[in-house]
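Novice: The following block contains the structure, expressed as structure tokens.
What follows is calculated from the coordinates using simple rules that are stated; it is not laboratory data. Note that this is a predicted model, so its numbers are computed, not measured. Glycine gets a Cβ as well: all are built from the backbone with ideal geometry, and neighbour counts include every protein chain shown.
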Amino acid sequence: MSRTKELALFFVKGLFVLILALLPGAFVVCKMDPYLFLGTQPKPYIYIPNERFQIPGMARHEEYDTVILGTSMIENFSEKYASEKLNASAIKLPINASYITEQKLVLDIAQKYHDIKTVLWAVDYRTVDIEHGDIYSMNNVVFPQYMYDEEWVNDWKYIVNHNNFYWALKQYRMRRTGIDPFDYMVTDREVLNTWNWKTFSRELITQDYKDLYEGRKSVYDKINNLPAEVAKKTIDLDLIGTIKKYPDTDFVLFFAPKSILWFKLLDQMGILEKKLDVLTYIVDEASKLPNVEIYNFQNEFEFTENLNIYLDITHYNNTANKYMIDAISGKWLKTDPESFRKDNAELIARVRSEEIDNLVQEILK
Amino acid sequence: MLFNSLEYLVFLPLVTLAYYLLQSLRARNFMLLLASYYFYMQYKPEYGLLMLFATFVCYISALGISKTQSKAIKKLWLTFSVLGTMGLLFFYKYFNFFNRNVAGLLSFFNVSWQPLSLDILLPVGISFFTFQSLSYTIDVYRGDMVAEKDFFTFALFVSFFPQLVAGPIERSTNLLPQFYQHNRFDTSKAVSGLRLMLFGFFKKVVIADRLAVIVDTVYNNYKSYNGVVYIIATVAFAFQIFCDFSGYSDIARGSARLFGFELMSNFERPYYSKSVTEFWRRWHISLSSWFRDYLYIPLGGSRKGYVRTLINLFVVFTVSGLWHGANWTFVVWGALNGAAIVIEKILGIGKRAGKQEYMREQAIKRRQKPWFVRAAVTIAGIIPMLITFVFICFTWVFFRAQSIDQALYMLPRFLEGLDTFDLQKFIGTRMILGLDSWEFFTAIGSVVLLELMHLFQSVASPAKVLNRMPAMARLIVYSICLSLVIWLAWTESQTFIYFAF
């Protein structure tokens, strides 16, 4: 055999071995489709609460006409309640700790595959406090861009992926045994990513505040604190730009009721006014668009000062989510540039009031 | 750069391709040298300078030794080389440990001294490349090796990337001459190298990384467990460290074989040893033989009387413990192994079985005996094997524990609660020692598979069996093995344990 032929045969055999080795796992991934990415997963669907991987498939293959978009601030929404109140078929597509970049990618997928009537978008300072295009790397896990890019040539990264093979086998076992052996995957979208099983209490939020205030936890895990101009540029490109891209969809932007201790902490850091200035910019710019409504829940002190409904300094339980849906469906608490400025003045006054100072002193004792 | 990373799977074929595309030997070696430094400097660019320093010291020392006839000057050059390499090792690995212990000793005598503590990270693989380069100078000093004149070839010997970070610690007499061979790409060698790498990856990513979770769960929260769980975690560690380290060695040897180089074998199924002495002939062979040749023999070996031999053995093993890390746990681990070997020496256990011919005769005689006699002999052989394994596991407790206190806390509790242990409940839970049940049984199944392969290796040569198969069947076997590695790999890739030494 000639040398060239010998080498060619060596590489062909190597390729054959490689392809044959990849086939069984790839077949299992395609057949079980653990993240619903390919749309081949058998019904009823089984969901993995790993949002960065699970959400793009859901955005593609579920049936809906209304999207609830955002970070963990929207995880406790009840889709059934929202659908009933808004007279729609709603789906929530949260990505915890995400930036607006990731949320925009989710919306693009939803828009591509569905005729979206309404988007409820929980916007906050942290999600836009980034350079345009930044993506949050959660626990150093690389963001699976290939699941969002709609490029079929990149789909092999999903198919030839032993993490997905692992989840496929687990789902197979779950389907056969009929139980959730890992207390992790769920079959009911209504409970997916909710925290109804968690404890919410004054003790938890006050401890979180103390840890943040006294430096045991870093506030900068929650915000980047870039110059306001950077955030404003991101707002123009990613938020306002996206809304303009879909003129036939109604956008409901809302500012969630994070706790008063969160606002107090920001004030103690000297960045509360800057944050409110960025949010005001959003209200100013979005109000100019015909397909946008804006709701402000930051001044709902009966929620923000009821510390028993919080799990930590920002995360509330589903009573707050229900209230937000009620307000949006009833069109209360709509805001505009003028009323939002008034709200902000009121919020700052409240944060600096003697009552809140006393509350904080008591916590820090 | 880690072997178990995507980068390496791109890096290795590219370097192999470049190697064979280059025609001149000098260009090939220079390219390998650059690739090796690139490989190493991926951990931290500064590390490259340390390796360069060790290389330079040994290179000029060897040249100095070879250029003089004076014994005193030769000795001076050797001392320079020992001080240079061992000084580097001492500074980066033992400085803080030494200072802490001196301060502790002084405080015992009521002398207060604040130890100086350096905030430095241990450079990856420093124990390996310093030992390898030093062995070269000693070989030149002894006249076993001619001093290498070409600096780049010598630098390649010290830095050759497959075995740079965790061995095998190569001898200049074996590796250096191979850099002067003009290798042609040999498909059968390449297949055998890839096969070895595949086996190494199986051990590392399927077994070791999975077992690491069990071991870490128990050893990092040792006060929450006892009894059977300690036993499971320690046996798991025995297999984790074997699979991790021998997996690395296999990948290293397999990678080198792609270039046509042959590195020494580092492991010979050590858990099949019937004595601790035999275990050390089969475990980390390149280090054991390094200590034999460059410490045990210079100390006098077995030439200075019976008692001195025993002392030398004990000293060598204790020092080998310290080589593993700047912690008393490693010293105790080495000393325990040394003590066991001394006792075996006194009792006459663990002697080499004799020459090949004698072994073959014995095997023929055994085969002529009735099956029940053969079975009885086999079973009788398992008992010392089990005793050795239990002892080795006992020493692994010190090796894995973070401190002597931890080991001493755990050891008396190994037999606690054995009577009340509920196996059904233990394996019936969702999570078993940090792994979900599916993963836990995958780990056990993989260890069983490994041992079946080892048993197979003890009766036949897998390479020969594979070569006798029809081509298609052989390719299917390779595909199944590769499939196991790809699809059963533990999802969180981990670094190799011996990188820390």
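Novice: Would you please give the residues with an amide H less than 5 Å from that of A:K92, counting only those at least 5 places away or on a separate chain, with H modeled from the backbone geometry?
Specialist: Amide H to amide H, under 5 Å and 5 or more residues apart or across chains, A:K92 pairs with A:I68.
Novice: Arrange A:I68, B:I138 by Cβ neighbour counts within 10 Å, fewest through most, would you?
Specialist: Numbers: A:I68 26, B:I138 22.
Least crowded to most crowded, the residues run B:I138, A:I68.
Novice: Calculate, in nm to one decimal, what B:Q402 and B:W438 gain on full extension: separation in residues at 0.36 nm each, minus their alpha carbon distance.
Specialist: Here the answer is 10.1 nm.
Novice: Taking H as built 1.01 Å from N, whose amide H comes closer than 5 Å to the amide H of A:K217, not counting residues under 5 places away?
Specialist: Residues meeting the criterion, in which the H sits 1.01 Å from N, are A:L212.
Novice: Taking the Cα centre of the range A:240-365 as origin and charging only Cβ (+1 Lys, Arg; -1 Asp, Glu), how large is the dipole, in debye to the nearest 20?
Specialist: Numbers: 15 positive and 21 negative charges, 64 e Å.
That gives the range A:240-365 a dipole magnitude of about 300 debye.
Novice: A follow-up question, please. Can you sort B:D150, B:D250 by how many other beta carbons sit within 10 Å, fewest first?
Specialist: Ascending Cβ contact count within 10 Å gives the list B:D150, B:D250.
Novice: Follow-up. Within the range A:191-247, report the chymotrypsin sites (Phe, Trp or Tyr not before Pro) that DSSP leaves as loop and that have at most 12 other Cβ atoms within 10 Å.
Specialist: Passing both the DSSP loop test and the Cβ count: A:W197.
Novice: For the charge dipole of the protein assembly as shown, defined by +1 on Lys and Arg C-beta atoms and -1 on Asp and Glu C-beta atoms about the Cα centroid, which residue among A:V29, A:F297, B:A463 has the Cα displaced farthest towards the positive pole?
Specialist: Checked the options; the winner is B:A463.
Novice: Moving on to the next point. Rounded to the nearest 0.05, what FRET efficiency do A:D277 and B:E416 give with R0 = 56 Å and r taken as the Cβ-Cβ distance? Could you check? Provide the component values of the computation, followed by the final result.
Specialist: Values: r = 63 Å, r/R0 = 1.13.
After rounding to 0.05, the efficiency reads 0.35.
Novice: How far, in nm, would the chain grow between B:K75 and B:R374 when pulled straight, counting 0.36 nm per residue and subtracting the alpha carbon separation?
Specialist: Stretched fully, the B:K75-B:R374 segment lengthens by 102.1 nm.
Novice: Scan around A:Y310 for amide H atoms under 5 Å from its own, H built in the peptide plane at 1.01 Å from N, and keep only partners 5 or more places away or cross-chain.
Specialist: HN-HN under 5 Å from A:Y310: A:S201.
Novice: Straight-line reach from B:K223: which aspartates and glutamates have Cα under 14 Å away, leaving out those fewer than 8 places along the same chain?
Specialist: Within the straight-line cut-off, B:K223 pairs with B:D405, B:E416.
Novice: With r defined as the distance between the Cβ atoms of A:K31 and B:R100 and R0 fixed at 41 Å, what FRET efficiency is calculated, to the nearest 0.05?
Specialist: Between A:K31 and B:R100 the formula returns 0.10.
Novice: Be a star and scan the range A:120-137 for residues whose amide nitrogen sits under 12 Å from the point 7 Å along the Cα-to-Cβ vector of A:Y246.
Specialist: A:120-122
Novice: Grab the beta carbon distance between A:K232 and A:D115, set R0 = 41 Å, and tell me the FRET efficiency rounded to 0.05.
Specialist: After rounding to 0.05, the efficiency reads 0.80.
Novice: A further question on this structure: Would you calculate the separation in nanometres between label points at B:L295 and A:R216, each defined as 7 Å from the Cα along the Cα-to-beta-carbon direction?
Specialist: 4.5 nm
Novice: Same structure again: For chain A, list the DSSP H helices whose alpha carbon atoms reach 24 Å or more along the long axis and whose average Kyte-Doolittle value is -0.5 or above?
Specialist: A:3-32
Novice: For B:I476 and B:N221 in the same chain, what is the full-extension length gain: residue separation times 0.36 nm, less their Cα-Cα distance, in nm?
Specialist: Extra length from B:I476 to B:N221 when fully extended: 87.5 nm.
Novice: In chain B, once you exclude exposed trypsin sites (Lys or Arg not before Pro) (DSSP loop, at most 14 other Cβ within 10 angstrom), what's the longest stretch remaining?
Specialist: B:1-148
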